[in-house]
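The values are calculated or read from the model by the stated rules, or taken from the named source; none is laboratory data. The structure displayed is predicted, hence computed values, not measured ones. Here Cβ is always computed from backbone atoms with ideal geometry, including for glycine, and neighbour counts include all displayed protein chains. The accessibility values were calculated without ligands, DNA or RNA, using every heavy atom of the protein model including side chains. Shrake-Rupley method; radii C 1.70, N 1.55, O 1.52, S 1.80 Å.
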Amino acid sequence: MSENIACSHCHLEFNPSVMIHEGEHYFCCNGCQGVFHLLNEEGLNSFYEKAGNVTLNPPTQQYEDSSNFNSPAFYERFVKINKDGFSEVALIIEGIHCSACVWLNEKALHKMDGVIEANINFTNNKAVIAWADDIVKLSNIIDMIRAIGYNAYPYDASLQEAHANKERKEYYLRMAVAIFASMNIMWIAVAQYAGYFSGITQDIKTILNIAEGILATPVLFYSGWIFYRGAYYGIRNRTINMDTLVATGSSLTYLYSIYITLAQRGEAYFDSVSMIITFVLVGKFLEVLSKKSAADTLDVITKHIPSEVNIVKDSRIVACKLNDVCVGDIVVVATGERVLLDGEIIKGSGSFDESNLTGESDPIYKQLGDSVISGTTSIDADVHFRATKDFQHSTLSNLVALLESAINKKPKIQLMANKLSEYFSSVILSFAFLTFLFWYLSAHDFETSFMVAISVIIIACPCALALATPVATLVGLSLGASRGILFKEAAHLETMAKIDTLVLDKTGTITIGKPKVYQEHIYSEFDKRILYSLVKSSNHPVACGIAEYILQESKDDDSILFDTFKQIPACGIEATLKEKKILGGNLKLMKQNSIYIDFVSDNTLFYYAIDEKVVAIYELSDKMKEGAKEIVARLSSKGITTIMLTGDNEHTAKKVALAVGIENFLYEQTPQEKSDFITKLHEEGKRVVMVGDGVNDILALSCADIGIAMGNGSDVAVEVGDVVLLNDSLKSLEDAFKISQTTYTLIKQNIYISLFYNALTIPLAMSGFVIPLVAAISMSVSSLLVVGNSMRIRLQWNKK
Amino acid sequence: MDNWVIAMMLGASIFLGAVALFAFLWAIKNGQFDDEEKFLNAAKFDGQDELNDAINQERKKKELKRNYKPE
């Protein structure tokens, strides 16, 4: 055996005997060879130097025809005209591994005539490409990307994600200005306060005031613009919100300080203006930072649906656009492919995985005349079926449409801080007004009364209140993330703390979701490698379970080539090796080969026979996840009702529910029924968490108050879920509850701290005892208290 | 005299700070911080070829802009 050699393009290592040899170069496949020559011709071969030893994906995939990208419908949806009049599209490039890949894609596109700009973001693999449409077409650009071994698909950049990024950027800009100005104002304020105690001439004071005023102006009108905007919308909707308070408070203080500066007496409060704006802006930014959008979720779902299917036309198999398939067309589904249309089998037979739709973990065997449902996947079936519905009316597109409406109708529990700030703002504003009236009427001059009223607003200004929720949730979010629990939005923490009903899916949530070998009965010695090679060639879940079990035991994954090999649908596998007949499968297969065996078990059984003699029996069952029973018991002791929903039959459902200790369970639930059930719970006034992992759960996940997805579940479920448990364990489900409850307690504490501070200082301010120094210090102290209190979440967790 | 010195120093330092701030704002707006990885890797790929490529790209854009008339 000679040593393996790395392919000159993709750097994957292979035995030289199977590689394409060309001069000093070796290639693993034609695809790599093609790309290598293309790069050399285009003068881009410095790519290999830049990429170093990074291994790439060999470009062997076949893609659908790129002329799709030139269709008017596609252009209308994805292609924009930019301000220079060029066409522009946003793409996601697949297969980018390193910065050299980014370099290669950009340079290759730059070399094309008519491409004006190609800018690829390495962090998220998104590209913006601008081109002159009369010189090249989008399909040429896509072809180029594919030719150099990558793939690209479009995404709609006008979606909310792009919108959110823009909003975030706007906040960065405003915060940069606010922080810069506030820091400068602070050091000027040090001089002011020192002068307040040790004496300062009015001239110097005016100079400092003017400097502060200049710095405070952009903070109020640029950074603080957000609050003016918020206050304006609030007034239009006839509500007084936090923005109203911040906007009026800071503008009044600003105007008053300008008057003081010009009149050259008294104390100016420019430092308070910029501090308030900066603090509240940071609080707001923290909220904006953690928001997810529904629209992007849908985009991911539709991306998973291929746009073409194979149909039989004039006794030839041709590719056809999904939307062009008519009722009555004959659709071809090969092994491992997804069924995209509903229909009736007219040729062939095999097993289908329907767990996407039903949650049933066992594959279902279908033959001539049976109906196939869109959204299911063929495991070993190679069939032709006649479409009974077009794509618009198929089960799959119904599911997508339902999901769309469910995501838009997601319930939102009003958050505590928002509710509170409404009352708070109106109370403070009326207090300030009353203070002014009282002072003015009790024979003080206008200036004094106005100053006292303003000090009420300044001291009450909700810096601490604005930080109370965001800081606590941020600490909660990072605590969750470090434990593999991703809360997609900060608000979910608060919502989850108010939950009273927990709905669990069975397969993949309570149980592992795949059959595992539970017990092995060996009747006579045999070569395990043969059995391993036999089961490895099938992707039936039972076979996979056994393959995994043997691999765990022997750690030897050499395969043996059989002389003959045949998969028998719904039965098992039949093979011959050196004149020996090898059978592996279920009881039906044994009976067909007239092997009779007496073995009774509740579990799924796999028989392995050599020369018509059973040598081993494997018992398989879907195992419960670790600690399932204890965790369910602990959660229900906290007053959370637990309900199990499953698409499986009554027998299996009952067995699992009993084992875990769940009293309420529903079986044979379709995705629609699951989500209806959750809507019903909502109508009863319950707040529901749904935990699931499969495509059959996504409707329910999206209509629950909080949908929790298992990280190993389908991509779509992970996308739809509000919380993702990365390590799939029920322990982290419990942790998620704990984190959300701890965070919620802290939010409440923070709000009490800031309200207590206000209750203490507002009467002082109303009676005119507050000097500027006290106002500034107390404002910072209360904010620090709130931030420090939030950090306690970590301490509490470390103690446990 | 004292007052004048303080005013001037305040003015000068705020002005210098503001220049830096505007440079920073320009960089944010320009998207220079959008992609932290590329930003850091750019140093690796800096060379004559890159400059030539950038100039070519700009020239191409200018030429096309002159001739290009979107309907």
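Filter the helices (runs of 4 or more DSSP H) completely within segment A:692-781 down to those with at least 2 residues that are β-branched (V, I, T) and in contact with a Ser or Thr (Cβ under 7 Å, 6 or more places away or on another chain).
Answer list for segment A:692-781: A:730-766.
Go through (1) out of contact with any Leu (no Cβ under 7 Å at 6 or more places or on another chain); (2) open to solvent by less than 30 Å² (accessible area, probe 1.4 Å) one by one and return the number of the condition A:D134 breaks.
(2)
Please find, within segment B:5-35, the residue that is modelled with the lowest pLDDT out of those that are surrounded by 15 or more Cβ atoms within 10 Å (Cβ to Cβ) and among the small types (G, A, S).
B:A7
Looking only at segment A:310-332, filter to residues that are part of a loop (DSSP other than H, G, I, E, B) and free of Cβ contacts under 8 Å to residues at least 12 places away in the same chain; which one of those is least open to solvent (accessible area, probe 1.4 Å)?
By that ranking, first place goes to A:S315.
Of (1) within 12 Å of chain B (Cβ to nearest Cβ); (2) touching a Lys or Arg at 6+ places or on another chain (Cβ under 9 Å); (3) at pLDDT below 90, A:D203 satisfies all except one. Which?
(2)
Name the pairs: first residue in segment A:68-95 and at positive phi, second residue modelled with pLDDT of 80 or more and part of a loop (DSSP other than H, G, I, E, B), Cβ to Cβ under 7 Å, at least 6 apart or on different chains?
A:G95/A:Y150
Go through segment A:625-649 and give me each residue that's open to solvent by 70 Å² or more (accessible area, probe 1.4 Å) and farther than 18 Å from A:V688 by Cα.
A:E626, A:K629, A:E630
When you scan segment A:152-171, do you find a residue that is at positive phi, at pLDDT 80 or above and more than 13 Å from every other protein chain (Cβ to nearest Cβ), even just one?
Within segment A:152-171 (the criterion being at positive phi, at pLDDT 80 or above and more than 13 Å from every other protein chain (Cβ to nearest Cβ)), the answer is no, since none of the residues qualifies.
Take the conditions open to solvent by less than 10 Å² (accessible area, probe 1.4 Å), farther than 27 Å from A:F47 by Cα and hydroxyl-bearing (S, T, Y) and apply them to A:S87. Does it pass?
yes
Tell me which of these A:F221 doesn't satisfy, since it passes every other one: (1) away from chain B (no Cβ under 14 Å); (2) open to solvent by less than 50 Å² (accessible area, probe 1.4 Å); (3) without any contact (Cβ under 8 Å) to a residue 12 or more places away in the chain; (4) not acidic (D, E).
The one condition A:F221 does not meet is (2).
Are there any pairs, at least 6 apart or on different chains, whose C-beta atoms fall under 8 Å, with the first in segment A:133-156 and touching a residue at least 12 places away in the same chain (Cβ under 8 Å) and within 21 Å of A:G34 (Cβ to Cβ) and the second among the hydroxyl-bearing types (S, T, Y) and open to solvent by 20 Å² or more (accessible area, probe 1.4 Å), and if so, which?
A:S139/A:S67; A:R146/A:Y63; A:N151/A:Y63
Under 6 Å between Cβ atoms, which residue pairs at least 6 apart in sequence (or on different chains) link something in segment A:530-545 that is over 20 Å from A:I512 (Cα atoms) with a partner that is open to solvent by 10 Å² or more (accessible area, probe 1.4 Å) and in a loop (DSSP other than H, G, I, E, B)?
Note: pairs meeting the criteria are A:I530/A:I560; A:S533/A:S559; A:S533/A:I560.
Go through segment A:490-509 and give me each residue that's touching a strand residue (DSSP E or B) at 6+ places or on another chain (Cβ under 9 Å) and either part of a loop (DSSP other than H, G, I, E, B) or not polar (S, T, N, Q) (or both).
A:H492, A:L493, A:M496, A:I499, A:D500, A:L502, A:V503, A:L504, A:D505, A:K506, A:G508, listed by residue number.
Restricting to segment A:658-691, give me the number of residues that are more than 28 Å from the chain's Cα centre (by Cα), at pLDDT 85 or above and open to solvent by less than 30 Å² (accessible area, probe 1.4 Å).
Total satisfying the criteria: 0.
Evaluate segment A:224-231: report whether one residue or more is in a loop (DSSP other than H, G, I, E, B), outside the structural domain of A:V89 (by TED's automatic domain parsing) and surrounded by fewer than 22 Cβ atoms within 10 Å (Cβ to Cβ).
Scanning segment A:224-231, I find no residue that is in a loop (DSSP other than H, G, I, E, B), outside the structural domain of A:V89 (by TED's automatic domain parsing) and surrounded by fewer than 22 Cβ atoms within 10 Å (Cβ to Cβ), so the answer is no.
Among (1) closer than 30 Å to A:D133 by Cβ; (2) more than 9 Å from chain A (Cβ to nearest Cβ); (3) out of contact with any helix residue (DSSP H, G or I) (no Cβ under 7 Å at 6 or more places or on another chain), there is one condition B:V5 misses while meeting the rest; what is its number?
(1)
Can you name the residue in segment B:36-45 that is open to solvent by 50 Å² or more (accessible area, probe 1.4 Å) and over 17 Å from the mean Cα position of the chain (by Cα) and, of all such residues, is nearest to the other protein chains (Cβ to nearest Cβ)?
B:E37
Check whether at least one residue in segment A:233-242 is farther than 17 Å from B:A7 by Cβ, within 13 Å of another protein chain (Cβ to nearest Cβ) and open to solvent by less than 50 Å² (accessible area, probe 1.4 Å), and report yes or no.
Checked against the condition, which is being farther than 17 Å from B:A7 by Cβ, within 13 Å of another protein chain (Cβ to nearest Cβ) and open to solvent by less than 50 Å² (accessible area, probe 1.4 Å), segment A:233-242 yields no hits at all.
Would you point out the residue of segment A:510-523, among those that are assigned to a strand (DSSP E or B) and among the aliphatic types (A, V, I, L, M), that is surrounded by the fewest Cβ atoms within 10 Å (Cβ to Cβ)?
Of everything passing the filter in segment A:510-523, A:I522 is surrounded by the fewest Cβ atoms within 10 Å (Cβ to Cβ).
Would you point out which residue out of B:L51, B:L25 is over 18 Å from A:F180 (Cβ atoms) and among the aliphatic types (A, V, I, L, M)?
From the options B:L51, B:L25, the qualifying one is B:L51.
Assess whether B:K65 counts as being within 27 Å of A:F122 (Cβ to Cβ), among the basic types (K, R) and out of contact with any His (no Cβ under 9 Å at 6 or more places or on another chain).
no
Determine if segment A:773-792 includes at least one residue that is of a type in the set (D, E, K, R), farther than 22 Å from A:L434 by Cα and without any contact (Cβ under 8 Å) to a residue 24 or more places away in the chain.
Among the residues of segment A:773-792, not one is of a type in the set (D, E, K, R), farther than 22 Å from A:L434 by Cα and without any contact (Cβ under 8 Å) to a residue 24 or more places away in the chain, which makes the answer no.
Looking at A:L479, A:L486, A:L399, A:L415, which is the one that is of a type in the set (A, V, I, L, M), at pLDDT 75 or above and open to solvent by 10 Å² or more (accessible area, probe 1.4 Å)?
Only one candidate qualifies: A:L486.
Of the residues that sit in segment A:172-198 and are within 12 Å of another protein chain (Cβ to nearest Cβ) and open to solvent by 90 Å² or more (accessible area, probe 1.4 Å), which one is nearest to the chain's Cα centre (by Cα)?
In this case the residue turns out to be A:Y172.
So A:A268 clears everything in (1) touching a residue at least 12 places away in the same chain (Cβ under 8 Å); (2) part of a helix (DSSP H, G or I); (3) open to solvent by less than 20 Å² (accessible area, probe 1.4 Å) except one condition, right? Which one?
Result: A:A268 passes all but (2).
When segment A:542-560 is examined, which residues are found to be at pLDDT below 75 and either in contact with a Pro (Cβ under 7 Å, 6 or more places away or on another chain) or among the β-branched types (V, I, T) (or both)?
Result: A:I560, single match.
Based on what the data block shows, is A:E684 without any contact (Cβ under 8 Å) to a residue 40 or more places away in the chain and among the charged types (D, E, K, R)?
Answer is yes for this residue.
When B:N56 is evaluated against the numbered criteria (1) touching a helix residue (DSSP H, G or I) at 6+ places or on another chain (Cβ under 9 Å); (2) more than 8 Å from chain A (Cβ to nearest Cβ), which criterion, by number, is the only one it fails?
(2)
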